[in-house]
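First the structure, in the form of structure tokens, and then the observations on it.
Please treat every number below as a calculation from the coordinates, not as lab data. What you see is a predicted model, and the numbers here were worked out from it, not measured in a lab. For neighbour counting, all protein chains shown are included, and Cβ atoms are generated from backbone atoms with ideal geometry for every residue, glycine included.
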Amino acid sequence: MSDSSHSHDPSHAETPVDQEIDVRGILRTGIALAVLVFVSMLLMWWLFVGIKKAEESRNPPPSPLPELSERQMPPFPRLQAEPEEELKQLHTEENRVLGSYGWVDRGQGVVRIPVEKALVLLGERGLPVPPPPATLLDAASPATSTGAAR
């Protein structure tokens, strides 16, 4: 009985599912989307090939000849291969200079003496005292005395 009531109701009329869905429209949209993706991929490939060619023309690859020739040392300052050993050599040289006599400037008569000797001489003689600075009154007094005598 319930079957007969549904069959007579016009609002519940049976329609095939295929008629409600536009299969052709869905297929057209899918094909158009696939073509769009494929065309986009081709355009991107073309763009990357063009960029690569432009980059290669601006920056040609380096010549292999320098690699075949002898390796040249890099410019200064260079990295230290053995920093501890070089520091020991530096301290040894500094200690040799600080502990020996030698000329600093032979023309001016300036010599270098060992640090220990310099400390002993400094203890005996003391620090040198600089002369007192000349004042403005001392420098101006000869000029005023000659002006007053006239």
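Conditions tested, residue by residue: (1) part of a helix (DSSP H, G or I); (2) surrounded by 10 or more Cβ atoms within 10 Å (Cβ to Cβ); (3) in contact (Cβ under 8 Å) with a residue 24 or more places away in the chain.
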residue: Gly25; (1), (2), (3): yes, no, no
residue: Gly30; (1), (2), (3): yes, yes, no
residue: Pro62; (1), (2), (3): no, no, no
residue: Pro74; (1), (2), (3): no, no, no
residue: Pro131; (1), (2), (3): no, no, no
*asked:* Please go through segment 97-115 and give me each residue that is charged (D, E, K, R) and surrounded by fewer than 10 Cβ atoms within 10 Å (Cβ to Cβ), ordered by number.
replied: Asp105, Arg106
*Residue check: is Glu124 of a type in the set (Asp, Glu), surrounded by fewer than 10 Cβ atoms within 10 Å (Cβ to Cβ) and either part of a loop (DSSP other than H, G, I, E, B) or free of Cβ contacts under 8 Å to residues at least 24 places away in the same chain (or both)?*
yes
